[in-house]
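Here is the structure we will look at, set down as structure tokens.
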Amino acid sequence: MKGLKTYFTYLHRNKLFTLVNVAGLGISLMFVLLIANMVVRQLTVGSDIKDIEHIYVLSNEEYSASNYLVGERLANRYPEMADWCAVNAEAYKSGSYAVIDNRKTSLEIYCVKDNFLRFFGYSLLSGNPEQALVDAHSIVLTESAARKLFGEEPAEGKMLRLSADKKEMYTVTGVIKDFENSVIPDEVEAIVPFDYVDFVNWGSSMHNPDMNNMGGTAILVRFPQGVNPDQKAADMLSFLKTFSWGYQHDLFREAFWMPLKDVCFSEIMSPQLRQYNPVKVWIFLVAGILILLMAIFNYVSMCVAQVSYRAKEMATRRLLGSSARSIFWRLLGESALFTTGAFLLALLLAKAVEPTACDLLQTRLDIWDDLNAITLLIYLIGIVLLSLLAGVVPAVLLSHYHPLDVVKGTFRRKTKAVYLRALYVVQSGLT
């Protein structure tokens with residue numbers, strides 16, 4: 001730190017320069033961190049699901065959705081469907097609530113086939129995953145929902161009433177981790193057996209042979225490795241036309257299996273599963289890159305504008321025996337210190353504005369929870385690269401000149417006439 005005393009003195013004497021640079025770089029990096037977090041999350045949706053590459057969703061040209069009984073009939077007809085599951089989100093975002101001791105608490109409910117936990121490979125924090133959804137009046141809560149309903153008390157075994165079913169009590173049979181960056185919507189708080197659909201929408205019920213609602217349930221199938229799920233697509237289409245009114249009345253003309261990993265960015269709607277606009281992801285990705293480049297060029301241009309103020313110090317160091325190489329690495333070190341400070345500020349700012357960013361981007365972000373060894377390594381590499389990009393121009397300018405140029409004034413004139421103009425042209429082009 002002693003070797004950086006003159007650098008801190010320089011920053012202290014140029015307070016406005018320091019403030020503008022720190023704020024500018026910090027705020028720019030804040031946007032970059034938020035956008036990067038959003039992009040990475042969207043590109044890794046479903047990473048929590050076992051064998052997601054072998055799971056497909058029954059789709060047509062309009063929806064990746066169908067009816068529970070369609071899945072049942074297809075499973076009976078096609079033995080290559082190794083395992084299948086059904087999820088229904090009609091109780092989700094519909095104002096559902098739980099009643100405990102006459103106290104109503106909002107609860108986002110997701111109706112699923114009883115093999116849901118095994119099919120997706122989810123484990124429970126408490127409870128037996130093989131038995132958790134077998135009983136029609138069982139319920140599995142997410143960790144945050146269990147805390148919301150029962151505080152710090154163990155939730156397993158507790159009883160509650162659900163708003164759509166006015167008669168029966170439901171028993172908490174398990175607690176699962178919150179859904180995070182999954183194909184299952186993040187806001188889902190409770191999983192109940194598919195029987196609960198009877199109270200939400202009879203048209204989607206598995207007990208309704210008329211199958212009135214052909215878009216309320218997602219049918220998911222795991223096919224064995226090596227099996228082409230669409231090999232019998234033509235036969236499946238013909239079969240659907242024999243009993244599904246949607247195909248009988250030509251509302252749907254296609255039937256195929258969409259890979260679950262493609263559902264998130266698909267243009268075909270999937271009301272039961274998480275989706276996001278891929279165009280929005282690419283727009284924000286490009287915007288983040290441009291913001292980062294503009295921040296770097298802004299920092300570089302301001303440093304070049306101020307470089308003549310450091311020229312006398314570096315000229316003195318050269319005359320006292322310092323080499324051009326030592327000056328170069330010293331300035332890069334100062335750049336790394338400044339960039340690290342701006343990055344830490346950006347990290348704090350990003351966390352502070354995270355709730356607002358979630359609303360604007362319409363997705364969940366979590367800067368802190370996404371920190372891991374790989375993320376920290378990427379951040380470290382990013383800081384190093386940013387320090388090099390931001391510091392190399394001032395470092396080259398101040399280390400590769402003759403000290404007498406400072407006395408003559410030619411260094412200052414050349415800096416303003418050539419380097420600053422070139423940087424301004426690049427900045428203007430970026431803008």
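The values are calculated or read from the model by the stated rules, or taken from the named source; none is laboratory data. In this text, all values refer to a predicted model and were calculated from it rather than measured experimentally. Counting neighbours? That spans all protein chains shown, and the Cβs are built from the backbone with ideal geometry, glycine included.
Scanning region 216-237 for residues that are in a helix (DSSP H, G or I) and within 34 Å of the chain's Cα centre (by Cα) returns a single hit, Ala233.
If you go through region 366-382 and keep only what is among the aliphatic types (A, V, I, L, M) and closer than 15 Å to Ala346 by Cα, you end up with Ile367, Leu371, Leu376, Leu380. Summed over region 159-169, residues that are free of Cβ contacts under 8 Å to residues at least 40 places away in the same chain and surrounded by 16 or more Cβ atoms within 10 Å (Cβ to Cβ) total 1. Residue count for region 92-114 under the criterion of being of a type in the set (S, T, N, Q) and either crowded, with 18+ Cβ neighbours inside 10 Å or closer than 15 Å to Tyr196 by Cα (or both): the result is 2. Taken over region 18-63, the residue count meeting the criterion of being among the hydrophobic types (A, V, I, L, M, F, W, C) and over 25 Å from Leu348 (Cβ atoms) is 7.
As a summary of the residue check, Asp101 satisfies the conditions (1) at positive phi; (2) touching a strand residue (DSSP E or B) at 6+ places or on another chain (Cβ under 7 Å) except for the one numbered (2).
Among the conditions (1) surrounded by fewer than 19 Cβ atoms within 10 Å (Cβ to Cβ); (2) farther than 29 Å from Lys50 by Cα, Phe252 misses just one, which is (1).
Being under 24 Å from Phe328 (Cα atoms), loosely packed, with under 13 Cβ neighbours inside 10 Å and free of Cβ contacts under 8 Å to residues at least 60 places away in the same chain, is that true of even one residue in region 358-380? Checking region 358-380: at least one residue is under 24 Å from Phe328 (Cα atoms), loosely packed, with under 13 Cβ neighbours inside 10 Å and free of Cβ contacts under 8 Å to residues at least 60 places away in the same chain.
Could you list all residues from region 75-84 that are outside any loop (DSSP other than H, G, I, E, B) and either within 16 Å of Leu220 (Cβ to Cβ) or among the basic types (Lys, Arg) (or both)? Matches in region 75-84: Ala75, Arg77, Asp83, Trp84. Within region 162-179, take every residue that is of a type in the set (Asp, Glu) and under 15 Å from Ala98 (Cα atoms) and give me the one that is nearest to the chain's Cα centre (by Cα). Step by step, filter region 162-179, then rank; the result is Asp165.
Within region 343-374, the residues that satisfy the criterion of being modelled with pLDDT of 90 or more and of a type in the set (Gly, Ala, Ser) are Ala346, Ala350, Ala352, Ala357. Can you spot a residue in region 73-84 that is among the aliphatic types (A, V, I, L, M) and surrounded by fewer than 15 Cβ atoms within 10 Å (Cβ to Cβ)? Yes, there is a match, as at least one residue in region 73-84 is among the aliphatic types (A, V, I, L, M) and surrounded by fewer than 15 Cβ atoms within 10 Å (Cβ to Cβ).
For Phe256, the conditions (1) hydrophobic (A, V, I, L, M, F, W, C); (2) over 28 Å from Cys358 (Cα atoms); (3) without any contact (Cβ under 8 Å) to a residue 60 or more places away in the chain are fulfilled apart from (3).
Sort through Val87, Val32, Val40 and tell me the only one that's under 29 Å from the mean Cα position of the chain (by Cα) and not in a helix (DSSP H, G or I).
After ruling out the rest, the residue left standing is Val87.
Once region 128-149 is narrowed to residues that are within 29 Å of the chain's Cα centre (by Cα) and surrounded by fewer than 22 Cβ atoms within 10 Å (Cβ to Cβ), the residue that is modelled with the lowest pLDDT is Pro129.
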